[in-house]
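This report concerns only the one structure given below.
Values in this text are rule-based calculations from the coordinates and carry no lab data. Not measured: the values here are computed from a predicted model. Please note: Cβ atoms are built from the backbone with ideal geometry, for glycine as well, and neighbour counts cover all protein chains shown.
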Amino acid sequence: MKKALSILCCLALMLALTTACTAEKPSTTSNDKKVVETTSPTNDTATPEPTDSGTESNNGSALQQVVESAQSSIGTATAAFNGMLDMTITAEGDNKMVYTYTILDESLPMGKAEIEASMDSQDEMMTNLLQQLESVGISSPVIAIRWLDVSGTEIFSKEYKN
């Protein structure tokens, strides 16, 4: 069960990032304010994060496009978890894409050691995905992975950088 869940998480991450990295590089910025919502199929409370596009760099615009594109694949990815996990994708700053996995099923036998081992095995994939983020115009990209238990307490986190 642990290996299957680990594989599902990695596949969901890869799907979301690969889909996201097909987003085109932004050509212009606008003076309108944008609101990026973090959505979750199992949690209807979205937290809008306003950003001022007029002062935002092209790097930030590119990241917002990638995050929005990745969010469109969340439903497909989380459906594979059968209510055991929730996944959200958010942006922090101009270069950090954050994937947050929340364990919803308390009986799920995944602890920090299992999650860490699973994420350590993904280093090469993360390096490739960081390169894809750079290719769409995001300078010095960072991918952050955060795992939370059902109460929202962080179990594990890791950041990938080039």
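Label positions at residue 105 and residue 128, each projected 7 Å from the Cα along the C-beta direction, are separated by 2.8 nm.
The fraction of all Cα pairs in the stretch 78-162 landing in successive 5 Å bins from 0 to the largest distance is 3, 14, 22, 24, 18, 12, 6, 1, 0, given as whole percents.
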